[in-house]
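The values are calculated or read from the model by the stated rules, or taken from the named source; none is laboratory data. Nothing here was measured: the structure is a model prediction, and the numbers come from that model. Glycine gets a Cβ as well: all are built from the backbone with ideal geometry, and neighbour counts include every protein chain shown.
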There are 2 protein chains.
Amino acid sequence: MAIELIYIDRDALVSAGLLDFEKAVEDVERAFKMLAAGEIVMPPKVAIELFFDGGSPKGHFIAMPAYAKPLGVAGVKWAAGFFRNPERGLPHGLDVIVLSDPETGRPLAVMEGALITAVRTGAVAAVGAKYLAPDGAEVAAVVGAGVVGRAVAHALKAALRGLTDLKVYDLKREKAEAVAGEVDGRVAGSLEGAVRGSDIVVTATTSHSQFVKLSWLKRDCLCVEVGKNELEDSVILRADKVVVDYWEQVKAREWVSLARLWRQGLLPESKIEEIAPIIVRGRLGGGGLRVFSPIGMACEDLVVANRLYREAEKRGLGVRLPLWTATDWL
Amino acid sequence: MAIELIYIDRDALVSAGLLDFEKAVEDVERAFKMLAAGEIVMPPKVAIELFFDGGSPKGHFIAMPAYAKPLGVAGVKWAAGFFRNPERGLPHGLDVIVLSDPETGRPLAVMEGALITAVRTGAVAAVGAKYLAPDGAEVAAVVGAGVVGRAVAHALKAALRGLTDLKVYDLKREKAEAVAGEVDGRVAGSLEGAVRGSDIVVTATTSHSQFVKLSWLKRDCLCVEVGKNELEDSVILRADKVVVDYWEQVKAREWVSLARLWRQGLLPESKIEEIAPIIVRGRLGGGGLRVFSPIGMACEDLVVANRLYREAEKRGLGVRLPLWTATDWL
């Protein structure tokens, strides 16, 4: 009895609809709803941290398993992030996702995972914006126009019908121009210019320099901190709402601003809310200063990857590979 | 810049030397030595347990990441074990292994993992026998002639030069006959007959019935409990030595006899030894009753998988697959 799995590379994933950001936003909302309903089994991520000989961080691997009962699928993302890759012409993140059948354990698919990660991260930021942005939000800024910032810009566009102005900023102006062009946005001439006047500020950078200043922000404003160290501490400490995806996981990451402020006793745990129950209850009306700081969850990858796998199966995309053909070791 | 990985199915793994049990035994010894030297990074396994509607166990997924510094390789095994699979004509275990480059995070290979698991499990039992068997051990019994028991029989043969009698027992006599034929062994007519008179008893079954009785055992005897619930409690409690691979992981598994006896306060933690330092120190001389109860470790899979990947690369085995060919989302 031959068992096959499908290998789906990035090109096939795109053909299967990976860059359909409306679907990605729906997927992520669904993941949050399933999570809130207790329909997801998702153990904590497990990380392996790697260091250069001198002790400075080289990168990490993270194993992220999850099982989504209503979708009949389980899987793991094996995610790598290596800081010096861009210098070598390689992407920072290089991920592989394996999907399996939760009735038999049979592997169903192996997929390129880095673009799925970028797209679902953009969708998570956009779902946060959809549910947490102050009433009447019209102006958004995306800071950082790398692959994740680009996905954020597309996802905001897909999730927020009321946007009239989408600003994009990047240290490399040509990257900001490219992304702005794709989403009918405009390039902000400066970081401060991007942030000032925005109802929604999404930071998607690898910087740890906490560059978003409280004094730049509108009184009613949502900051979505995808990079996790981009907001001045005072932004988090003065915020009326601090929302995360998975507090236990945020807490466990020493280098995340929120975790550090909590350990320092400056940010009480009682001030932290998780996004999933908010998605179930409905959009948070009103205004004030709000922060959303998602760490990323395996169930988000799983739901997007599952949709693309089913679509690839239907359309004959990907490469069918046997686990074995002839073997008597069974 | 195109990045490729190699997919290696079971047939290609066998061509690359997966069934070379002498090499597997060397690999596992090396894994234990690296572990003892602090050269392995191996976070705890993470499990997702699945249940039937009535609450009885259906199966599990386990994510097993590890990084072996001296080998320059990291990886994860995504292991599934589903109890009712044999009734459906599927193997109980269905595993996939992903190997990655620890300098860049780049995925190197995706491999069929279930036969690697069986082979390394056999090699672990055999390495345990090599280092823990009483002086002058000549007679061994393998109870259970499934894929793991078969691997155990081959690995014992490869690891122990002094064996003069290798008995194989299985509830299905024809399975025992097939395995005995492969390893110049003989079929034991009964379970008791297999165990009695043996210097080494390896149990490789899925039974939880603790079928090995203390009264059947020689005074000088090593029991290797691959299935984890095959020895009468008194065997463990009376043993002069109780050795595991990774005590923290054994402890965490409620259903394992050793963990239960420890929780019940019957087996003091001070009586438990780990195998890796014993491998470094050298074979344990003398006699008495000894128990080795390995839970299985990611580093064992990693070392075997890495050898097969390098060999497959060298010999052009496996299928080369791109992560992407054309994409501007980089």
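Collect the residues in region B:50-105 that are more than 10 Å from chain A (Cβ to nearest Cβ), out of contact with any helix residue (DSSP H, G or I) (no Cβ under 8 Å at 6 or more places or on another chain) and closer than 30 Å to B:Glu39 by Cβ, keeping them in residue-number order.
B:Gly72
Of these, B:Val14, B:Val25, B:Val41, which one is modelled with pLDDT of 95 or more, β-branched (Val, Ile, Thr) and crowded, with 21+ Cβ neighbours inside 10 Å?
Going through B:Val14, B:Val25, B:Val41 in turn, the sole match is B:Val25.
How about region A:97-137: which of its residues are free of Cβ contacts under 8 Å to residues at least 40 places away in the same chain and over 23 Å from A:His154 (Cα atoms)?
A:Val98, A:Ser100, A:Asp101, A:Pro102, A:Glu103, A:Thr104, A:Gly105 - these are the residues of region A:97-137 that are free of Cβ contacts under 8 Å to residues at least 40 places away in the same chain and over 23 Å from A:His154 (Cα atoms).
Of the residues A:Lys228, A:Lys218, which single one is outside any helix (DSSP H, G or I) and on the phi > 0 side of the Ramachandran plot?
Just one listed residue meets the conditions, A:Lys228.
Could you tell me whether region B:252-272 includes any residue that is modelled with pLDDT of 95 or more, under 20 Å from B:Glu29 (Cβ atoms) and outside the structural domain of B:Arg84 (by TED's automatic domain parsing)?
No, region B:252-272 has no match at all.
For the subset of region B:109-152 comprising residues that are of a type in the set (Lys, Arg) and buried (at least 24 other Cβ atoms within 10 Å of the Cβ), which member is nearest to B:Ala12 (Cα to Cα)?
Result: B:Arg120.
List every residue pair whose Cβ atoms sit under 7 Å apart, with the two residues 6 or more apart in sequence or on different chains, where the first one lies in region A:250-267 and is among the charged types (D, E, K, R) and the second, anywhere, is surrounded by 11 or more Cβ atoms within 10 Å (Cβ to Cβ) and assigned to a loop (DSSP other than H, G, I, E, B).
Listed pairs, sorted by first residue: A:Arg253/A:Ile295.
Tally the residues that are free of Cβ contacts under 8 Å to residues at least 24 places away in the same chain, over 22 Å from B:Ala80 (Cβ atoms) and within 19 Å of the chain's Cα centre (by Cα), restricting the search to region B:1-50.
Counting residues in region B:1-50 that are free of Cβ contacts under 8 Å to residues at least 24 places away in the same chain, over 22 Å from B:Ala80 (Cβ atoms) and within 19 Å of the chain's Cα centre (by Cα) gives 2.
May I ask you to say which residue of B:Ala140, B:Ala176, B:Ala151 is touching an Asp or Glu at 6+ places or on another chain (Cβ under 9 Å), of a type in the set (A, V, I, L, M, F, W, C) and touching a residue at least 40 places away in the same chain (Cβ under 8 Å)?
When all the criteria are applied, what remains is B:Ala140.
When both residues are 6+ apart or on different chains and their Cβ atoms are under 7 Å apart, which pairs have a first residue that lies in region B:279-303 and is not assigned by TED's automatic domain parsing to the domain that holds B:Asp101, and a second that is of a type in the set (Gly, Ala, Ser) and surrounded by fewer than 20 Cβ atoms within 10 Å (Cβ to Cβ)?
What qualifies is B:Ile279/B:Ala36; B:Val280/B:Ala36.
For region B:80-104, how many residues are assigned to a strand (DSSP E or B) and either more than 22 Å from A:Val73 (Cα to Cα) or in contact with a Phe, Trp or Tyr (Cβ under 7 Å, 6 or more places away or on another chain) (or both)?
6
Output the residues belonging to region A:9-21 that are more than 10 Å from every other protein chain (Cβ to nearest Cβ) and either assigned to a helix (DSSP H, G or I) or of a type in the set (Val, Ile, Thr) (or both).
Across region A:9-21, the qualifying residues are A:Ser15, A:Phe21.
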